[in-house]
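Rule-based calculations on the coordinates, nothing more; no lab input. Everything numeric in this text was worked out from a predicted model, so none of it was measured. No Cβ is skipped: glycine too gets one built from the backbone with ideal geometry, and neighbour counts run over all protein chains shown.
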């Protein structure tokens, strides 16, 4: 649990989830099936929390929560497993009308994060104009610029609403106990914006290190998340599994295929019915050993 006297924000996955409640708006960082905070999502599945509004560049995080019936509304630009274009459990939930969906353009999603991080009600963007985004999201509004452009025209823009969140989950390669988080892979995936757009933010990481270690062998720009926007830090080795967490590990493609093709009750019983993240990791290792026999 967080030690306010020392600034130590380390906690367990279950302690992080204990700060949430049903009905919240939860942002989940990462991108598709890449560097998703899966250990935190699995901890959420071990709780009774439900009726969530989820904001995500969706991947198996959305699929797991959708299959378990925990989502009331999803705000997403896509929901994919990357090597499998459409997340199958997301698709199944949508086909049975399991939750409400707001689907917007990737750029609109990003600017919604920017608006929330900067405590603005919306951001004006050109993305979405002339597309079906406006048709499938009739609640979206447009605004006219108060300033004329070089041609003397006051342009019309889509007013993308801020994607404010009660809480956010992200996964990074390393973090210190104070809440400074570092990514070492090729892409930040907007995880800093998720943290800044949320009232509370929990980062899981492959390794908790001393603050000085964060810049010892990596450039300063790899320090993605600042402690001021972080509520809790969870050390979770292999915590993005089965998604990738470059350069620490690639996506577990055989296991992802198993997830995508196994009926949900069977998958959940074998891999998600344990009492801890350790139980999940042990079950995955056992499955891989079976495949080698």
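Brief remarks on what is shown
- Mean separation of Cα contacts under 8 Å (6+ apart) over length of the range 143-293, as relative contact order %: 20
- Estimated Rh, the chain: Kirkwood, alpha-carbon pairs, angstrom: 19.7
- For the range 100-215, the fraction of alpha-carbon pairs in successive 10 Å shells from zero, as %: 13, 33, 28, 16, 9, 1
- In this label model, residue 215 and residue 159 are separated by 4.2 nm, measuring between points 7 Å along each Cα→Cβ vector.
- Scaled radius of gyration (Cα, divided by 2.2 N^0.38 Å) that the range 97-165 gives: 1.20
- Listed residues 273, 229, 145, most fluctuating in the chain (Gaussian network, C-alpha, under 10 Å): 145
- Mean separation of Cα pairs under 8 Å and 6 or more residues apart, divided by the residue count, gives the range 10-166 a relative contact order of 18 percent.
- At R0 = 35 Å, FRET efficiency that the Cβ-Cβ distance of residue 92 and residue 143 yields, to 0.05: 0.40
- For the range 6-63 and the range 256-287, distance of Cα centres in Å: 18
- Here the gap between residue 135 and residue 289, fully extended at 0.36 nm per residue and compared with their Cα-Cα distance, gives a gain of 50.5 nm.
- DSSP-defined antiparallel bridges as percent of all bridges, the chain, nearest 5: 30
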